[in-house]
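Have a look at the structure below, then the notes.
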Amino acid sequence: MAKMLVDKERVAQVRGVLLEWYSRHRRDLPWRQTRDPYAIWVSEIMLQQTRVAVVVDRYREFMCRFPTVFALASAPEQEVLALWSGLGYYRRARMLHKAAHAVVAAGKGKMPGTAAELRSLPGVGTYTAAAVASIAYNEPVAVVDGNVERVLCRVAGWDANGEHGRYMDEFAARLVDPDRPGDFNQAMMELGAMVCLPRSPQCLVCPLAEFCKTRGEHKTAPRARSVNREVGYALCLRPRQNGASADPDGAEVLLEQRPQTVSVMPGLWELPSLLEVPNGDTRMTVRHAIMNVNYIVRVRDVQETELAALAAKGGQRRWVRLDDARGLALTGLTRKVLSRVNSTPSGPPHIECQPNAADG
C-alpha cells in the first residue's frame, strides 16, 4: 500500500495503462459526448444506485424535455417525476429540481464551477461534486463511488470491511491524473463496472492486474438477505365518461396519490391497495424488486362499487385515461401493471426532441 501511495513512477504507470485501456474499451454513453456541467450533473444523479442500461433511455428523454437548467427549474415537479418514473429513488429527482431552482436563482443559470461550490447544491454530495467538476471543468479531484472503492481495495490489498476511509481518499487523490482527471475518474468507474466486478472479477483482462495485490481475492461484505413479500392492488376500470365504448384504449383507470407525508415516494400515483392479498381471482401477478425486497404483487379487478369494502383508505383518487396515465408521476410498479393492461409503454411520456435555443 505504502509503495503505491508514494512511488511516483508506479503511479504514472497506473495512470497510463488505465487511460489507454479506457480509450479502447469505454462504452459509448450519451453523457460522455458533452462537457456541459448541467448534462453531466443530471447523468450522475440518475446513475446513483441505478444500472447504466436503465438510465440511458431515461437520460435522453429527460434531457430532451429539460435541455437546460432553466427548463428544469421552470417545470412542475409532477412533470419532472413523471419523466423520472422507472429510475426509483424519487428523492433524487426532487432534489435535482430543487437544486435547479437554486442555480437559476443564485447563479442566473450558471452551474457552480468547482467541486466545493457544487457541494452547496441540494442533493449534491462529495462524489457527485467531484464527478461533475473533474469531467466538466477538468478539476483534479478524485471520485470514489462503490466501483472505485472496490478497485482501490483490491489494488491496495484492503478488506472491504476494513476501516480505511481516510486512506481510501488519500489513495484516490494520489492516483487521479492531474491532466485528465475526468477521463481517469470515468476509467476507474468503468473498470469497476465492467471488469473488477464484485464477484467473479475478470482479472485476466484487467489493465491493473500487475499492480493489484489481491487479484480479486479479498474479503467482501455479505449481500443483504433478500426478503419476499406479497401485496395486493385493485385494478378499477370503467369506460370513458364521454362514451360507452368498452375498448381498453378508451377506458379509464382509478389511481391514488400517495400522501406527501409518507417517506417513500410521496406524491406519486399508484393503484389502490387491497386490504387483503387475493389468493385467487386475480387479473395478474407481477414480480417487482425494491432494494432487497422481492414483491409478489397480485392485482385483482375491482368494481367501483366494491372499492370501499376491499381497498384500503389512502390518498386522493382520480380517474385517468389509460393512454394518458404514462404522463403522470407513477410508481414503477404501477407503470409495470398498466403496461400489461393496455400495452401502455412502460417508460415515461415520449418526448419528440427538436433542436431549440437555450432557454432563459
Legend entry - For 63, 284, order by how many other beta-carbon atoms lie within 10 Å, fewest first: 284, 63
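Name the shape class, rounded, prolate or oblate, that the alpha-carbon gyration tensor gives for region 75-137, where a ≥ b ≥ c are the square roots of its eigenvalues, rounded holds for a/c under 1.5, and otherwise prolate holds if a/b is larger than b/c and oblate otherwise.
Taking the square roots of the gyration eigenvalues as a ≥ b ≥ c, region 75-137 is oblate.
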Inset, instruction - Could you state the angle between the C-alpha long axis of helix 181-194 and the longest principal axis of the C-alpha atoms of the chain, as a value from 0 to 90 degrees rounded to the nearest 10? - result: 60
Inset, instruction - Cross-chain or 8 or more residues apart, Cα under 30 Å: how many lysine pairs in the chain fit that? Count them up, please. - result: 8
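What does the charge add up to near residue 267, with Lys and Arg as +1, Asp and Glu as -1, over the other residues with Cβ less than 13 Å from its Cβ?
On the way: positive: 91, 94, 258; negative: 77, 79, 256, 270.
Summing Lys and Arg as +1 and Asp and Glu as -1 gives -1.
When only C-alpha pairs under 8 Å and at least 6 residues apart count, what is the relative contact order of the chain, in percent?
Numbers: 573 pairs, mean separation 65.1, N = 360.
The value is 18 percent.
If you stretched the chain out fully between residue 197 and residue 273, how much longer would it get, using 0.36 nm times the residue separation minus the C-alpha to C-alpha distance?
Working: separation 76, 0.36 × 76 = 27.36 nm, distance 3.86 nm.
Extra length from residue 197 to residue 273 when fully extended: 23.5 nm.
As a footprinting exposure proxy, order 285, 305 by other Cβ within 10 Å, with the fewest listed first. Could you put the intermediate results ahead of the total?
Values: 285 11, 305 8.
Ascending Cβ contact count within 10 Å gives the list 305, 285.
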Legend entry - Pair residue 7, residue 290: separation of 7 Å Cα→Cβ label points (nm): 4.9
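Using 0.36 nm per residue, how much length does the chain from residue 102 to residue 33 gain when fully extended, once their Cα-Cα distance is taken away? Could you put the intermediate results ahead of the total?
Numbers: separation 69, 0.36 × 69 = 24.84 nm, distance 2.59 nm.
Gain on extension, residue 102 to residue 33, equals 22.3 nm.
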Legend entry - For region 63-68, Karplus couplings with θ = phi - 60° (6.51, -1.76, 1.60), whole Hz, Gly/Pro x: 6, 5, 7, 10, x, 9
Legend entry - Inter-part distance where region 1-78 and region 287-329 are each reduced to a Cα centre, Å: 35
Legend entry - Derived scalar couplings ³J(HN,Hα) [region 324-340; Karplus, 6.51 cos²θ - 1.76 cosθ + 1.60; whole Hz; x for Gly, Pro]: 9, 5, 5, x, 8, 7, 8, 5, x, 5, 4, 4, 5, 5, 5, 5, 7
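Restricting the count to DSSP beta bridges whose residues both fall in the chain, what percent are antiparallel, rounded to a multiple of 5?
65
Given a cut-off of under 8 Å on Cα pairs at least six residues apart, what relative contact order in percent is computed for region 2-211? Write out the running numbers ahead of the final one.
Values: 238 pairs, mean separation 48.0, N = 210.
Contact order relative to length: 23 percent.
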Legend entry - Model label zone, residue 262; criterion: amide N under 15 Å from point 7 Å along Cα-to-beta-carbon; scope region 314-329: 314-318, 329
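Grab the Cα-Cα distance for residue 23 and residue 166, subtract it from 0.36 nm times how many residues apart they are, and report the gain in nm with one decimal. Show your work: numbers first, answer last.
Details: separation 143, 0.36 × 143 = 51.48 nm, distance 3.01 nm.
Net length gain for the segment: 48.5 nm.
Can you put 306, 44 in order, fewest other beta carbons within 10 Å first?
Numbers: 306 13, 44 20.
Starting with the residue having the fewest Cβ neighbours, the order is 306, 44.
Read the figures in this text as sums done on the coordinates, not as results from a lab. As the structure is a computational prediction, the values presented were derived from the model and not from experiment. When we count neighbours, we look across all protein chains shown, and the Cβ atoms used for this are built from the backbone with ideal geometry, even at glycine.
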